[in-house]
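Everything below concerns the one structure shown next.
Nothing in this text is a laboratory measurement; each read-out follows from the coordinates by a stated rule. Nothing here was measured: the structure is a model prediction, and the numbers come from that model. Methodologically, a virtual Cβ is constructed for each residue, glycine included, from the backbone with ideal geometry; neighbour enumeration extends over all protein chains shown.
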Amino acid sequence: MNPTNRRNFLFRAVAPVAGGFLFPSLSRAVQEASSPYRRPKIKITDVRTAEVRVHGYQVHVRIYTDQGIVGQGEGTDAIQGGVPLINSFRRLLIGQDPLNIEAAFERIRTAGIFAGAQGGQYLAALTAVEIALWDVAGRALGLPIYQLMGGKVRDRVRVYADSGARDMVPGDERSIARIHEIQKMGFTAAKIDIDDPADPARFDRVNWTASNGEIDRMIATVGFTRGLYPKNIDLAVDMHGRYDATTGKRVAKEMEPFKLLWLEEPVPAENIDAMRDIRQSTKTPICCGENVYLRHGFREILEKRAVDIIMPDLQKVGGLLEGRKIADMAHAYYVPFAPHCVVSPIGTMASAHVCAAVPNFLTLEWHWIDSLPLWKGFVKEGEIFDKGFITLPDRPGIGVEMNEEMARKVQVPGTPWFEPTKGA
Ligand code: MG
C-alpha cells in the first residue's frame, strides 16, 4: 500500500468511530477530553539560592513555578562560589517546563561546554538545580522521586556513619565514646580516615610516600577500631587520594586481615591505571569516585575494572538521574554503588530516593555526626534515620521540608537567603 492510500485507509477506518474528526482534533480529543489524566501545565518563574557551611560548603536552590509549587535542591563541595553560575542558568530555566528535566539538564550542560561543564563547580551548580527540578516534578505529579526513578527495589536505605573530625586514636577515650555513639545510633557500617598530614612519622607534610611509621599507625588505628566494633558492623577506611601507588599497594595489603568493606582512594581517582594496579594487587576491595563527574568520568573506571565499588557524590556528580545512570552502568559490570554524601537531610533524602531505586546499591554515607543537633533539626520532619536506615517517605518530591530557623544558624555570612536575584 502506497503512503497516500495508507492514509486514506486509516482515515476511513478511524473517521466513523471518531465522529468524522480529522487526526489533529482526534489527537486533541484523546489527550484533553477522553482521558482523565492531564499532564500538569507548569512553568519556572524564579530560581533562588541560600548558602550554608556545615561539613564543607553547601548551596540550597529553590525553583519557583507559576503553579505555586516550589522545589528544593542541594549541591556541595565543588559548589563553593557556584551561586553566580546558578544565576547564569536562570535564562535557560525561567519560562521552561520544569517537568522536562533531561532537556533542562542537557540545555544547561551543553551551554557550558566551554565554561567547565565537564566537572567541578559547573557540574555541582547544575546538580543542585537538577535535584530541585526533581522535587518540583514529584510535587507537581504527587509522587515521591523514587517512583519517578523507576520505583523502589527496597523500602529502606542503609546508611554508614563517618566517624567525623575526631578520628580514631588507639586507646583514646573520645574515640571509644564515638564508636559507642555510632553503635548506639544503630548503624551497621562505619568509616574512618587514616591519612594524617600531622603524623610526626611523615617524611614531610607534602610527601606522597608513607613511612614505615606512618603505615604502622594506620594499621594500629584500623586494628583498634575494628576491634571495638562487633563483627556485624562493616568498616570502611579512607585515604583521601593523598598517597602514591607504592604506598597504596602496601596499605591495601596490610588491610587484608581486617576484611574491610572497602579501602577508599589510596591514590587519586584521576589515574585510572594506577588505581587498577592497586586493585589487582590486593584482596581488599577498592572504592573511588567522590570527585569524579558524570557517566563520562565513570566509563573508563568501569571499563578497566579499576575499582570494586564506585562512590559518586549525588550532590555534585550531575544530579539524581545522572546518579541513576551511573549506577546502571556500574551494574552492567556487577559493581556496587555506594554514594558519597556530606549534605543536610534534604540532600541525603534526595540521594536516598536514587539508592532505593537501584538494585546494586550498597550503602549511603552520612557525615554530620559532629553537628547532631543541627542534623536532627534541619528539616521539619526531624530525624530521618531509624537505626542507621532511611525509610523512604511516600510524600511527593524529596519528602522533607527545610526548617529555616535551624538552617539559618549555619548561613554563610553576607550571602542571600532565597532572595530574588537583583537585576535578574
Ligand atoms: Mg572520601
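With respect to the chain, whose longest principal axis is taken over its alpha-carbon atoms, helix 320-332 is tilted by about 70°.
With both residues required to sit in the chain, DSSP beta bridges show an antiparallel share near 55%. What the pair-distance distribution of region 134-229 shows, using all Cα-Cα distances binned every 5 Å from zero, is 2, 11, 17, 14, 11, 10, 9, 8, 8, 7, 3, 1 percent. So, R0 is 35 Å and r is the distance between the beta-carbons of A177 and D394; what FRET efficiency does that work out to, to 0.05? Efficiency at R0 = 35 Å is approximately 0.40. Cα centroid separation, region 376-424 to region 324-345: 23 Å. Annotation note: chymotrypsin sites (Phe, Trp or Tyr not before Pro) in region 202-279 located in DSSP loop regions with a Cβ neighbour count of at most 16 within 10 Å are F203, W208. Cα gyration tensor of region 40-143, axes a ≥ b ≥ c as square roots of the eigenvalues: rounded (a/c below 1.5), prolate (a/b > b/c) or oblate? Cα axes put region 40-143 in the oblate bin.
Distance from the alpha carbon centroid of region 250-291 to that of region 72-101 works out to 35 angstrom. Each Cα pair under 8 Å and six or more residues apart adds its separation to the average, and for region 148-395 the resulting relative contact order is 23 percent.
Rounded to the nearest 10 degrees, the inclination of helix 83-93 to the longest alpha-carbon principal axis of the chain is 20 degrees.
Quick note on region 148-395: its Rg to Rh ratio, both from C-alpha atoms and Rh being the Kirkwood radius, is 0.96. Across the chain, counting alpha-carbon atoms alone, Rg and Dmax equal 24.5, 89 Å. Relative to the longest principal axis of the Cα atoms of the chain, helix 173-184 runs at roughly 40 degrees. Across the chain, Cα pairs under 8 Å and at least six residues apart give a relative contact order of 19 percent. A helix-only calculation puts the chain at -11500 deg cm²/dmol for mean residue ellipticity at 222 nm, using -39500 (n - 2.57) for each DSSP H run of at least four residues, averaged over all residues.
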